[in-house]
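Structure incoming, see below.
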Amino acid sequence: MLKGFRDFIMRGNVVDLAVGIVVGAAFTSVVTGFTKDFVHPLINVFGGGKVSSGTWTIGHQHFDWADFVNTVINFLIVAAVLYFLVVMPLNKIAERRNRNKTPDPVAVSDEVALLMEIRDALVAQNNPTPGQRTAGTAPVPTRTDSP
């Protein structure tokens, strides 16, 4: 019972997912603080220098485009950190682990094995070895007397 659970947990996908969620949740707050404290004000400076410069107003509706750009930058930073600090090292570990393993031989089905035997028999029948004759043919006489 515990062996099956251990095998399930040790699968690469489950471990990758768990690590990604934990690291992502912990790192998201750091990135959110960085983008809100540094990137958002920088966007506002390029948008006109006012606090409300990262918005559009159509009618009485405000569209906060700077906040959207902030969210995209936040996502890209989190994704890059997860890739370079979690995914790449785990792939390297898996590659090292599988480096010395030989691939399992491919099992041949009964039909394929039978077809291979038929093929080999036909090749042997069409290309006999010296001294071997095929079924239904008479031996070739050889001359022993020389002129």
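Any read-out appearing in this document is the output of simple, stated calculations on the displayed coordinates, not a laboratory observation. Small disclaimer: the values here were computed from a predicted structure and weren't measured. Ideal geometry is used to build each Cβ from the backbone, glycine not excepted, and the neighbour counts take in all protein chains shown.
Can you work out ³J(HN,Hα) from phi for every residue in region 108-123, in order, using Karplus 6.51 cos²θ - 1.76 cosθ + 1.60 and θ = phi - 60°, giving whole Hz and x for Gly and Pro?
Going residue by residue, I get 9, 5, 4, 5, 5, 4, 5, 4, 5, 5, 4, 4, 5, 5, 5, 5 Hz, with x marking Gly and Pro.
What spacing in nm lies between the two simple spin-label points modelled at Phe68 and Leu2, each 7 Å away from Cα in the Cβ direction?
Taking the simple label geometry, Phe68 and Leu2 are separated by 5.4 nm.
How much length is gained on full extension from Phe84 to Arg119, taking 0.36 nm per residue of separation minus their Cα-Cα distance?
Taking 0.36 nm per residue and subtracting the Cα distance, the gain is 7.4 nm.
Which number do you get for Rg(Cα) / (2.2 N^0.38 Å) in region 2-98?
1.59
How would you order 111-117, 84-90, 35-41 from highest to lowest mean count of nearby Cβ atoms within 10 Å?
35-41, 84-90, 111-117
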